[in-house]
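These notes are about the structure you will find just below.
The values are calculated or read from the model by the stated rules, or taken from the named source; none is laboratory data. The structure displayed is predicted, hence computed values, not measured ones. Every residue, glycine as well, gets a Cβ built from its backbone with ideal geometry; the counts of neighbours run over all protein chains shown. These area figures cover heavy atoms from the full protein model, side chains too; ligands, DNA and RNA do not enter into them. Shrake-Rupley method; radii C 1.70, N 1.55, O 1.52, S 1.80 Å.
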Amino acid sequence: MWKEIGKFGKKLVEGGYLSSHFGNISVRVGDGITVTRSGCMLDEITEASVVTVDLHKPSSLDLIASSETIVHREIYKKTSALAVIHAHCPFAVIESLLNDTSIEPYDSEGKFFFHEIPIVTGHIGTKELAQNVAKALEIHKGCIAKGHGTFAVGKILEEAYVHTTMIEHSAKVKYFCDLSKNK
Amino acid sequence: MPHIEKLLEIDLDTEKIEVKKLDKKMTSKYIGGRGIGVKLLFDRLPPNTDPLSNDNILIFATGPITGTVVPLSGRHIVVSKSPLTGTAFDSSAGGFFGRELRMAGFDVVIIKGASEKPVYIEIDDGDVNIKDASNIWGKNVKESTSILSNNGFKVSCIGKAGENLIPISSIMSEYTHACGRGGLGAVMGSKKLKAFIVRGKKEIQISDSEKMKKYISESMRLLNASPVASKGLAYYGTPSLVNLINTMRIMPTDNFRKVHFENAYKVSGEYIAENYDIKKKTCYNCFIACKREDRKRNIEIPEYETIAMFGPNSMNDDIEKIIQANYICNDYGVDTISAGNAVSCYIELEGKKDIEKPLKEIVEGGPLSQGSFRYSKGKGKEDSSMSVKGLEIPGYDPRGVLGLALSYATSNRGACHLRAYMVGPEILGKPKLIDRLSFSGKSGLIQIFQNISASVHSLIMCQFSSFALSEEEYANLLSAGVGELYTSEEFIKTGERIYNLERLFNLRESMTYSEDTLPGRFFGEDGISKEEFNSVLDEYYTYRGWNKGVPTMERLESLDLKNEGKFLCGKK
């Protein structure tokens with residue numbers, strides 16, 4: 001499983017969806033969550049870069065897991081997701097700061113697959129953020145934590161990756177369209 | 001009107017007809033169609049009821065969007081205890097019958113008891129009558145439909161197979177739309193109920209038209225953008241799968257002893273398009289129009305599954321023979337998948353490559369009419385039956401589609417490709433391509449797709465919508481239809497509830513997890529590793545919150561099924 005996580009970690013960094021260790025990836029495996037470790041470089045993932053924590057409750061292994069594990073766990077508890085990606089996509093972060101509760105994509109893929117992308121609040125690694133993200137993802141395939149980054153889910157990791165890239169694409173198109181209109 | 005609510009109960013023992021309302025809590029929890037059908041069956045049918053006795057019940061059900069402006073919403077569903085598998089069983093059909101039933105004034109009809117003489121049920125715009133069917137008993141589907149469809153009635157009926165209680169018999173709507181699987185035609189026959197005809201002018205309502213307009217527009221954008229829905233199926237119909245499945249080496253061939261058929265092209269969608277003058281046929285409000293007819297003879301071109309079973313799996317490359325077999329099955333009212341699979345089994349055991357003789361044996365009620373499992377068991381060769389829980393495997397070899405393999409094995413109604421519909425992601429790459437040759441991640445995926453399908457079958461929408469729509473679009477359509485918010489997650493959870501209730505029904509009938517498996521032929525050196533399969537099955541149970549195929553009380557409580565699962569307490 002770490003190889004699959006590594007594959008998408010590399011793609012995310014190469015695509016500019018996050019940089020260095022800012023972001024995290026997880027996959028649900030039965031009653032466990034295999035998640036990237038805190039501080040790991042997502043384009044240099046090895047077997048030692050991931051840890052499997054309990055799905056239902058925190059344990060000592062959470063100490064070395066990503067600081068956003070609390071959000072991942074809440075998503076898995078509240079939804080049917082089998083994979084989660086959190087990335088610091090720049091245009092998604094910008095749009096989350098320019099809008100209040102959601103953004104409506106202008107591009108056709110965004111309109112087709114997302115309809116709207118919710119913006120949620122809550123500080124990094126908090127229960128509030130975990131609950132708000134999970135609640136949004138009960139309805140949507142992805143959301144943006146205000147000023148922070150995207151959370152996207154999938155039935156497989158590739159799907160969560162596609163959703164992440166689509167959110168960033170929609171945010172980028174919207175940003176430049178709005179900029180042109182306001183000239 | 002919010003949820004479906006108009007319930008009609010007909011007792012054929014006493015000819016008592018009662019109009020009732022469905023409980024709002026129940027419809028909210030089970031949506032309609034398959035969900036409501038299974039709930040009513042679970043609540044009303046005592047354990048170990050003989051499926052062909054007066055005590056079994058037959059439920060015709062629609063869903064909250066059936067017959068509305070929602071595209072692909074023309075289906076209805078029939079639920080009962082199957083005489084083939086002994087499980088809870090739902091079987092659905094397209095066409096126009098479901099819409100007409102709602103226009104005639106009813107959403108769900110429960111038929112109890114059995115008549116002494118042949119009868120048919122007529123609903124004429126709310127007016128319900130039980131009528132004498134002596135003059136049509138003994139006639140096949142085409143003739144019966146022709147007699148009863150005068151004056152605009154939509155007809156669901158059985159042929160001679162159902163009358164003769166053949167456990168692979170179907171219920172045919174408007175002649176070619178089959179509630180095919182599980183032998184529910186025999187349940188109808190056991191009640192001496194030849195037909196059910198409906199006609200009406202009542203308006204079918206939805207709760208929020210404005211929102212519905214928006215959600216339909218969003219769904220249609222996705223459906224039009226899906227090449228499978230808007231192009232492949234729309235151009236060639238389901239036979240477009242023949243060459244594809246054969247190329248992928250998952251074509252059932254010679255009773256699943258091979259995976260590739262040399263002459264597949266001669267029975268393919270392309271061959272049919274080149275050699276026949278094709279007329280498209282459609283169900284209510286469907287732009288795909290996947291059904292096909294030979295314009296010259298007004299005879300139906302078989303669907304992919306029928307071609308796979310009577311063609312490659314029976315080592316037959318003569319498309320005309322398959323067209324004839326399909327015609328005979330539809331007219332007698334026999335499931336083409338089970339019949340074709342049973343013919344393949346016959347060919348293996350008898351060593352004669354002939355589909356006509358065994359098919360004649362099936363429709364005339366010979367030993368083969370009991371399905372491949374009972375037939376081969378009768379010969380001491382049940383290893384030659386390619387079935388799960390008694391239901392014959394359809395047209396995809398599980399060795400090359402491992403998610404589908406797990407789905408066949410864990411399906412509550414036996415081998416069925418529609419329970420998780422992995423044909424979409426594993427074969428066609430829709431909505432997302434996943435590796436068909438790996439078990440990795442499949443246990444989690446299968447249970448989600450099974451849950452989604454259970455809710456889709458309760459809405460009810462055509463399975464082909466899943467090539468483009470996700471739980472989000474389905475939840476939106478449902479919400480606008482009933483005027484109550486369903487999130488994507490609630491849509492999936494409702495499906496999980498339905499799936500667990502079906503499992504509880506089967507456990508109450510004393511079924512065990514030992515039946516969550518595949519025929520031995522698919523395991524071993526050239527097939528699936530038994531060890532790996534068992535490990536994935538255990539993982540699947542973990543995702544489901546089941547212990548050896550039995551739901552834990554904790555999981556049942558989370559699904560609001562505690563009462564239904566009470567009988568498990570104290571059971572070892």
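Brief remarks follow.
- In order along the stretch B:219-227, the phi-based Karplus estimate (6.51 cos²θ - 1.76 cosθ + 1.60, θ = phi - 60°) of 3J(HN,Hα) comes to 5, 5, 4, 5, 5, 5, 7, 8, x Hz; Gly and Pro are listed as x.
- Working note: Karplus 6.51/-1.76/1.60 with θ = phi - 60° gives the stretch B:294-308 the couplings 6, 4, 5, 9, 6, 10, 6, 7, x, 6, 3, 4, 5, 4, 4 Hz, where Gly and Pro are set to x.
- Overall, the protein assembly as shown carries a charge dipole of about 620 debye about its Cα centre when +1 sits on the Cβ of Lys and Arg and -1 on the Cβ of Asp and Glu, all other atoms neutral.
- Under Karplus coefficients 6.51, -1.76 and 1.60, residue-wise ³J(HN,Hα) of the stretch B:65-78 in Hz, glycine/proline x: 10, 4, x, 9, 6, 5, x, 6, 10, x, 8, 10, 9, 10
- Nearby aspartates and glutamates by direct alpha-carbon distance to B:LYS201 (threshold 19 angstrom, same-chain neighbours under 8 apart not counted): B:GLU5, B:GLU100, B:ASP107, B:GLU122, B:ASP124, B:ASP125, B:ASP127, B:GLU174
- Rounded to the nearest 20 debye, the dipole size of the stretch B:452-548 about its Cα centre is 340 debye, using +1 on the Cβ of Lys and Arg and -1 on the Cβ of Asp and Glu.
- Trypsin sites (Lys or Arg not before Pro) within the stretch B:268-306: DSSP coil, no more than 15 neighbouring Cβ in 10 Å: B:ARG295, B:LYS296, B:ARG297
- Over all orientations, the stretch B:457-499 has a Cα convex hull whose mean projected area works out to 2.9 square nanometres.
- Kirkwood hydrodynamic radius of chain A, from inverse mean 1/r over distinct Cα pairs, in Å: 16.0 Å
- Unsatisfied cross-links (Cα-Cα over 25 Å) in the set B:LYS194/B:LYS360; B:LYS21/B:LYS389; B:LYS39/B:LYS191; A:LYS78/B:LYS20: B:LYS21/B:LYS389; A:LYS78/B:LYS20
- For chain B, with +1 on Lys and Arg beta carbons and -1 on Asp and Glu, the positive-most of B:ASN547, B:SER170, B:PRO302 along the dipole: B:SER170
- Total formal charge among the other residues, if their Cβ is under 10 angstrom from that of A:LYS174, Lys/Arg +1 and Asp/Glu -1: -3
- For the stretch B:137-268, a simple Cβ point-charge model (Lys and Arg +1, Asp and Glu -1, everything else neutral) yields a dipole of about 180 debye relative to the Cα centre.
- Segment B:GLU356..B:ASN298, full-extension length gain: 18.7 nm, with 0.36 nm per residue of separation and the alpha-carbon distance subtracted.
- For peptide A:152-162, the mean count of partner chain Cβ atoms within 10 Å of a residue's Cβ comes to 3.
- Accessible surface ranking for A:GLU47, B:GLU143, B:GLU496, B:GLU9, 1.4 angstrom probe, highest first: A:GLU47, B:GLU143, B:GLU496, B:GLU9.
- Cα convex hull of the stretch B:52-113, projected area averaged across orientations, nm²: 4.6 nm²
- All Cα pairs of the stretch B:431-572, percent lying beyond 22 Å: 48 percent
- Principal axis dimensions, the stretch B:446-530 - Cα atoms, whole angstrom, descending: 51, 32, 19
- Measuring between their Cα centroids, the stretch B:78-112 and the stretch A:5-54 lie 48 Å from each other.
- Per-residue SASA remark: B:GLU210, around 130 Å² accessible (1.4 Å probe; ligands, DNA and RNA not included).
- Total formal charge among the other residues, if their Cβ is under 11 angstrom from that of A:VAL153, Lys/Arg +1 and Asp/Glu -1: +1
- Centroid-to-centroid separation of the stretch B:329-407 and the stretch B:297-319 [C-alpha atoms, Å]: 14 Å
- All lysines inside 17 Å of B:LYS379 as judged from Cα atoms, apart from same-chain residues fewer than 8 positions distant: B:LYS352
- When all protein chains stay in place and ligands, DNA and RNA are ignored, the 1.4 Å accessible-area order of B:GLU5, B:GLU274, largest first, is B:GLU274, B:GLU5.
- Whole-percent carbon and sulfur share, accessible surface of the protein assembly as shown, 1.4 Å: 49 percent
- Translational diffusion of the stretch B:238-399, µm² s⁻¹ [Kirkwood Rh, Cα pairs; Stokes-Einstein; 37 °C; 0.692 mPa s]: 209 µm²/s
- Residue-level accessible surface for A:HIS163, protein heavy atoms, 1.4 Å, Å²: 20 Å²
- Stokes-Einstein D (µm²/s) once Rh is taken as the Kirkwood radius of the stretch B:93-145 over alpha-carbon pairs, at 4 °C in 1.567 mPa s: 101 µm²/s
- Where A meets B: accessible area buried, both sides, 1.4 Å probe, Å²: 2100 Å²
- Counted charge near B:THR306, where neighbours are those whose Cβ lies closer than 10 Å (Asp, Glu -1; Lys, Arg +1): -4
- Förster radius 41 Å - calculated FRET efficiency between B:ASN151 and A:SER108, Cβ distance, rounded to 0.05: 0.30
- Separation of the stretch B:456-484 and the stretch B:537-562, taken as the distance between their Cα centroids, equals 25 angstrom.
- Each principal axis of the Cα cloud of the stretch B:131-263 was taken in turn, and the coordinate range along them, longest first, works out to 54, 50, 22 Å.
- Largest accessible area first, the residues B:ASP354, B:ASP107 order themselves as B:ASP354, B:ASP107 under a 1.4 Å probe with ligands, DNA and RNA left out.
- Share of pairwise Cα separations in the protein assembly as shown, more than 45 Å, in percent: 22 percent
- A Förster radius of 30 Å, combined with the Cβ-Cβ distance separating B:ASP124 from B:ASP13, puts the computed FRET efficiency at roughly 0.85.
- Pairs from the table (A:LYS174/B:LYS493; B:LYS214/B:LYS493; B:LYS430/B:LYS562; B:LYS131/B:LYS357; B:LYS139/B:LYS231; B:LYS117/B:LYS357) lying more than 29 angstrom apart at Cα are A:LYS174/B:LYS493; B:LYS430/B:LYS562; B:LYS131/B:LYS357; B:LYS139/B:LYS231; B:LYS117/B:LYS357.
- Translational diffusion of the stretch B:374-424 was estimated from the Stokes-Einstein equation, with Rh taken as the Kirkwood radius over Cα pairs; at 4 °C and 1.567 mPa s the coefficient is 115 µm²/s.
- Nearest-ten-degree value, helix A:2-14 long axis tilted from longest Cα axis of chain A: 30 degrees
- Dividing the convex hull volume of the alpha carbon atoms of chain B by its residue count gives 133 Å³ per residue.
- For B:LEU349, solvent-accessible area (1.4 Å; no DNA, RNA or ligand), Å²: 40 Å²
- Theoretical ellipticity at 222 nm over chain A - DSSP helices of four or more residues, -39500 (n - 2.57) apiece, nearest 500: -12500 deg cm²/dmol
- Between the beta carbons of A:THR101 and A:LYS127, assuming R0 = 25 Å, the FRET efficiency works out to 0.75 to the nearest 0.05.
- Sum of -39500 (n - 2.57) over DSSP H runs of 4+, divided by residues of chain B (222 nm, nearest 500): -11000 deg cm²/dmol
- Proximity of backbone amide H atoms, modeled 1.01 Å from N, is registered between B:GLY483 and B:SER207, B:ASP208 at under 5 Å, excluding neighbours fewer than 5 places apart on the same chain.
- For the protein assembly as shown, the solvent-accessible area with a 1.4 angstrom probe is 36 square angstrom per residue.
- Potential extension, B:LYS131-B:LYS202 segment - 0.36 nm per residue separation minus Cα distance: 23.3 nm
- Here's how it looks for A:TYR106: its modeled amide H is under 5 Å from those of A:LYS174, which are all 5 or more places away or on a different chain.
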